[in-house]
Structures are given as C-alpha cells and as structure tokens.
Amino acid sequence: MENSVRMTTHTVRPATVRDAKAIARVHASVTQAIYRDVLSIDKLSGPSMDERQSYWREAIEYSEPQVQVAIEGEAMVGFVGFDRSRDKGTPSTTGEIWALCVMPEQWQHGVGTALWDAANDGLKEEGCTKVTVWVALRDERALRFFEHAGFKREMNTIRTVSIGVAKIEEIRLRRDLL
C-alpha cells in the first residue's frame, strides 16, 4: 500500500504516535456529534480525553487496529482504524472497520471515502476477503455511507451496546473485498 494517497485537499497516511492526541480529539468530537444529533442523547459519558489518547497511542504502537489519518493542511479531519474482525466465530480472512470518524464539517467532502479506500487496501494486503463494520441503527448517515460503499446489512446481527448510561442498538454490515 502506498504510504500516502492524495485526494482533492486531503492526504491520507498511516498514523504515527504523535497523531494520538489529534485522533482522540476527532474521535471525541465525532462521537459527541453523532450521539447528540443522530441519537438525541444530550450528554454522552465515555472515556476521558486522556483515556482516548492512551488508547489510540497504544493502537498505533502495536498496529491493533491499524490506523490511517486524513489531513487537510495542518489539521486532522478524520481517521480510520481497521484490522481482523473482533467478532467471535469469524474466519481470519474477515476484516473489520473498528472506527471511521470524519469531522462533521468535512462530511460530504470525500474524506470518508478516502479513508475507506485506505482501509480497503490495507485489509486486502493483510489477506482479508471480507470486511464488516458495526453501525448504530439510528445513524442513517453512516448506514448510507457504508451501503453506498457496497456493504449490506446483516439483519440477524442487531445488538445492544452500552456507552456510559446510554443503550445503543447496532447492526453489522458486511461486504466482500474486491
């Protein structure tokens, strides 16, 4: 995989440990926007910024998941984390998008597509033939994005997850890697 993919004004590249703080900031901002606007949850309790930064620093150091970032100018505008599927019983050739976050002001500007392309390439290099992603059922924007990218909903996979005090229903989507 090329180390850098150039899109209109965005560059996608592998994350470095120095990116962990910016990734944590993007992750927190996007999570709050999605759960406040899409899921109508006013206050989402979750990991602190220090905990998020520590998580992403460790993920980058150990490549679990692999992380690519989207940069515009000097600012990080999104990231994707991907690796083998964490779901029990899935073959080792199944990958998973662990997280794909794009700052809301960058939605509809090609950042998500560029990050998906980077994850797709990385998963294929790892020998994956399929990929899954878990998406909140009420996050219609994310569902449309992944369906546009060729993912199909697996209706028998709906699960409820706790995020702080909130209960969120998610569905798994799957597609072949071509």
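Apart from one condition, D117 fits all of (1) within 15 Å of G78 (Cβ to Cβ); (2) without any contact (Cβ under 8 Å) to a residue 60 or more places away in the chain; the exception is (2). Taking the criterion of being farther than 24 Å from T129 by Cα, buried (at least 24 other Cβ atoms within 10 Å of the Cβ) and either of a type outside the set (A, V, I, L, M, F, W, C) or touching a Cys at 6+ places or on another chain (Cβ under 9 Å) (or both), the only residue of the stretch 64-86 that qualifies is G78.
Which residue is modelled with the lowest pLDDT, if the candidates are limited to the stretch 138-178 and must be touching a strand residue (DSSP E or B) at 6+ places or on another chain (Cβ under 6 Å), of a type in the set (A, V, I, L, M) and crowded, with 16+ Cβ neighbours inside 10 Å? Out of the qualifying residues, it is I168.
Taking the stretch 36-136 as the region of interest, the strands (runs of 3 or more DSSP E) fully inside it that hold 3 or more residues being under 20 Å from V17 (Cβ atoms) and modelled with pLDDT of 90 or more are 66-72, 75-84, 94-102.
The values are calculated or read from the model by the stated rules, or taken from the named source; none is laboratory data. All of these numbers come straight from a predicted model, not from anything done at the bench. Cβ: placed from backbone, ideal geometry, glycine included. Neighbour counts: every protein chain shown.
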